[in-house]
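Data first, discussion second: the structure below is written as structure tokens.
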Amino acid sequence: MKTQLVQFGDLCGRLRRFEEKYGFSTIEFYRRFERGELGDDPDMMQWAGTYHLYLTSLPVRQFTQHELAPA
């Protein structure tokens, strides 16, 4: 499996595309996904994975922006 670098903006764009395609927010999707209401087809799994990457990368992004900001 080849490692791929994904920019934070790319994650946001992917989430927006899923939202547009399925007609509900990522937060609503994840609530329903966690309850088992949406199944496990490839799109649902990819949306969940993308959201997980978004959630785990957000604190790092915020930290690095804070550290890089001029004093």
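Quick rundown of the values:
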| item | result |
| --- | --- |
| Theoretical gain in end-to-end length, ASP43 to GLU20 [0.36 nm per residue, Cα-Cα removed] | 7.0 nm |
| In sequence order, calculated HN-Hα J values of the range 46-60 (Karplus, 6.51, -1.76, 1.60; Hz; x Gly/Pro) | 5, 4, 4, x, 5, 5, 4, 4, 4, 5, 7, 8, 4, x, 5 |
| Rounded to whole Hz, the Karplus (6.51, -1.76, 1.60) HN-Hα couplings of the range 11-17, x for glycine and proline | 4, 4, x, 4, 4, 4, 5 |
| Alpha-carbon spread of the range 8-58, three principal axes, descending order, Å | 28, 21, 18 |
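Read-outs: derived from the displayed coordinates by stated rules, not from any lab. None of the values given here were measured: they were computed from a predicted structure.
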